[in-house]
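The values are calculated or read from the model by the stated rules, or taken from the named source; none is laboratory data. These numbers come from a predicted model, not from an experiment. Here the Cβ positions follow ideal geometry from the backbone for every residue, glycine too, while neighbour counts run over all protein chains shown. Surface areas here come from the heavy atoms of the whole protein model, side chains and all, with no ligands, DNA or RNA. Shrake-Rupley method; radii C 1.70, N 1.55, O 1.52, S 1.80 Å.
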Amino acid sequence: IHEAIFRGQGYGKFADRCKEEAEEELEEVKKCTERVVALGGKPEYGFIPQEIYNDPKELLERWHKVFAEGGTESLNQLARSLADDAVTRKMVEEFVAGEEEHATWVAKHLSIIEKLGYDNYLLEMMDI
(Lines give C-alpha, C1' and ligand atoms only; values in the text may rest on other atoms or scores of the structure.)
Protein backbone atom coordinates (compact mmCIF):
# COMPACT_ATOMS: atom_id res chain seq x y z
CA ILE A 1 0.00 0.00 0.00
CA HIS A 2 2.73 2.46 0.95
CA GLU A 3 4.59 1.67 -2.25
CA ALA A 4 1.57 2.68 -4.33
CA ILE A 5 0.97 5.82 -2.29
CA PHE A 6 4.53 7.09 -2.52
CA ARG A 7 5.01 6.07 -6.14
CA GLY A 8 1.82 7.96 -6.95
CA GLN A 9 3.27 11.02 -5.24
CA GLY A 10 6.41 10.75 -7.36
CA TYR A 11 8.73 9.42 -4.64
CA GLY A 12 9.84 6.37 -6.59
CA LYS A 13 13.02 5.70 -4.63
CA PHE A 14 11.13 5.73 -1.35
CA ALA A 15 8.40 3.59 -2.90
CA ASP A 16 11.03 1.08 -3.99
CA ARG A 17 12.19 0.70 -0.38
CA CYS A 18 8.59 0.26 0.80
CA LYS A 19 8.17 -2.46 -1.84
CA GLU A 20 11.37 -4.21 -0.70
CA GLU A 21 10.17 -4.17 2.91
CA ALA A 22 6.75 -5.55 1.98
CA GLU A 23 8.34 -8.32 -0.09
CA GLU A 24 10.69 -9.22 2.78
CA GLU A 25 7.75 -9.39 5.20
CA LEU A 26 5.79 -11.61 2.81
CA GLU A 27 8.80 -13.90 2.40
CA GLU A 28 9.08 -14.17 6.19
CA VAL A 29 5.40 -15.15 6.42
CA LYS A 30 5.98 -17.84 3.80
CA LYS A 31 8.99 -19.20 5.70
CA CYS A 32 7.05 -19.26 8.97
CA THR A 33 4.15 -21.03 7.29
CA GLU A 34 6.46 -23.63 5.78
CA ARG A 35 8.13 -24.19 9.15
CA VAL A 36 4.83 -24.58 11.01
CA VAL A 37 3.68 -27.13 8.41
CA ALA A 38 7.03 -28.95 8.57
CA LEU A 39 6.59 -29.27 12.34
CA GLY A 40 3.12 -30.74 11.84
CA GLY A 41 1.18 -27.65 12.81
CA LYS A 42 -1.64 -25.80 11.15
CA PRO A 43 -0.89 -22.18 10.24
CA GLU A 44 -3.37 -19.63 11.52
CA TYR A 45 -3.61 -16.11 10.22
CA GLY A 46 -5.33 -13.01 11.45
CA PHE A 47 -5.62 -9.44 10.39
CA ILE A 48 -3.72 -6.75 12.24
CA PRO A 49 -4.89 -3.29 11.22
CA GLN A 50 -2.04 -1.13 10.00
CA GLU A 51 -1.95 2.63 9.87
CA ILE A 52 -1.56 4.06 6.38
CA TYR A 53 0.80 6.99 5.94
CA ASN A 54 0.74 9.53 3.11
CA ASP A 55 3.93 11.26 4.22
CA PRO A 56 7.34 9.54 4.01
CA LYS A 57 8.69 11.27 7.11
CA GLU A 58 5.70 10.18 9.19
CA LEU A 59 6.23 6.59 8.08
CA LEU A 60 9.95 6.76 8.90
CA GLU A 61 9.14 8.21 12.32
CA ARG A 62 6.62 5.42 12.97
CA TRP A 63 9.11 2.75 12.00
CA HIS A 64 11.76 4.42 14.18
CA LYS A 65 9.36 4.45 17.14
CA VAL A 66 8.65 0.73 16.70
CA PHE A 67 12.37 -0.07 16.69
CA ALA A 68 13.05 2.28 19.63
CA GLU A 69 10.35 0.51 21.67
CA GLY A 70 12.12 -2.82 21.31
CA GLY A 71 10.96 -3.83 17.86
CA THR A 72 13.44 -6.71 17.61
CA GLU A 73 13.70 -7.62 21.30
CA SER A 74 10.72 -9.98 21.21
CA LEU A 75 12.24 -11.76 18.21
CA ASN A 76 15.58 -12.01 20.02
CA GLN A 77 13.82 -13.51 23.05
CA LEU A 78 12.05 -15.99 20.79
CA ALA A 79 15.35 -16.99 19.15
CA ARG A 80 16.97 -17.53 22.57
CA SER A 81 14.07 -19.74 23.64
CA LEU A 82 14.57 -22.06 20.67
CA ALA A 83 17.70 -23.80 21.92
CA ASP A 84 16.22 -27.20 21.02
CA ASP A 85 15.15 -26.17 17.51
CA ALA A 86 18.18 -24.94 15.59
CA VAL A 87 16.32 -24.62 12.27
CA THR A 88 13.62 -22.32 13.65
CA ARG A 89 16.15 -20.41 15.76
CA LYS A 90 18.27 -19.70 12.67
CA MET A 91 15.19 -18.55 10.77
CA VAL A 92 14.22 -16.14 13.56
CA GLU A 93 17.80 -14.87 13.81
CA GLU A 94 17.68 -14.09 10.09
CA PHE A 95 14.45 -12.15 10.64
CA VAL A 96 16.16 -10.17 13.42
CA ALA A 97 19.10 -9.35 11.15
CA GLY A 98 16.71 -8.06 8.49
CA GLU A 99 14.85 -5.91 11.01
CA GLU A 100 18.11 -4.51 12.37
CA GLU A 101 19.18 -3.63 8.84
CA HIS A 102 15.85 -1.89 8.30
CA ALA A 103 16.23 0.01 11.60
CA THR A 104 19.66 1.23 10.48
CA TRP A 105 18.23 2.37 7.14
CA VAL A 106 15.41 4.26 8.89
CA ALA A 107 17.81 5.99 11.30
CA LYS A 108 20.06 6.95 8.39
CA HIS A 109 17.19 8.48 6.45
CA LEU A 110 15.89 10.42 9.46
CA SER A 111 19.42 11.76 9.88
CA ILE A 112 19.53 12.77 6.21
CA ILE A 113 16.24 14.64 6.66
CA GLU A 114 17.67 16.43 9.68
CA LYS A 115 20.83 17.43 7.80
CA LEU A 116 19.38 18.29 4.37
CA GLY A 117 15.89 19.40 5.33
CA TYR A 118 12.73 17.56 4.43
CA ASP A 119 12.11 19.24 1.08
CA ASN A 120 15.61 18.35 -0.13
CA TYR A 121 15.16 14.79 1.10
CA LEU A 122 11.92 14.46 -0.85
CA LEU A 123 13.69 15.70 -3.98
CA GLU A 124 16.25 12.93 -3.49
CA MET A 125 13.47 10.35 -3.22
CA MET A 126 11.89 11.41 -6.53
CA ASP A 127 12.45 9.65 -9.85
CA ILE A 128 13.78 12.63 -11.77
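Extension gain, K13 to L26, is 2.7 nm, computed as 0.36 nm per intervening residue step minus the present C-alpha separation. Mind pulling the angle between the C-alpha long axis of helix 56-68 and the longest principal axis of the chain? Nearest 10 degrees, somewhere in 0 to 90. Once rounded, one gets 40 degrees.
The string of couplings for the stretch 112-119 from the Karplus curve (6.51, -1.76, 1.60, θ = phi - 60°) is 4, 4, 4, 7, 8, x, 5, 4 Hz, one whole number per residue in order, with x for Gly and Pro.
Rounded to the nearest Hz, the phi-derived 3J(HN,Hα) couplings of the stretch 5-14 under the Karplus curve 6.51 cos²θ - 1.76 cosθ + 1.60 (θ = phi - 60°) are 4, 6, 5, x, 7, x, 8, x, 5, 5, where x marks glycine and proline.
Kindly state, to the nearest 0.05, the FRET efficiency for E93 paired with E69, given R0 = 22 Å and r defined as their beta-carbon distance. FRET efficiency, E93 to E69: 0.60. Ordered from highest to lowest accessible area with the whole protein assembly present and a 1.4 Å probe, R80, R35 read as R80, R35. With Rh defined as the Kirkwood radius, the inverse of the mean 1/r over Cα pairs, the Rg/Rh of the chain is 1.04. Phi angles across the stretch 92-108 convert, under the Karplus curve 6.51 cos²θ - 1.76 cosθ + 1.60 with θ = phi - 60°, into 3J(HN,Hα) values of 5, 4, 5, 4, 4, 4, x, 5, 5, 4, 5, 4, 5, 4, 4, 4, 4 Hz, Gly and Pro given as x. Ordered from highest to lowest accessible area with the whole protein assembly present and a 1.4 Å probe, I128, I52 read as I128, I52. Counting every pair of alpha carbons in the stretch 60-103, the share spaced more than 13 Å apart comes to 52 percent.
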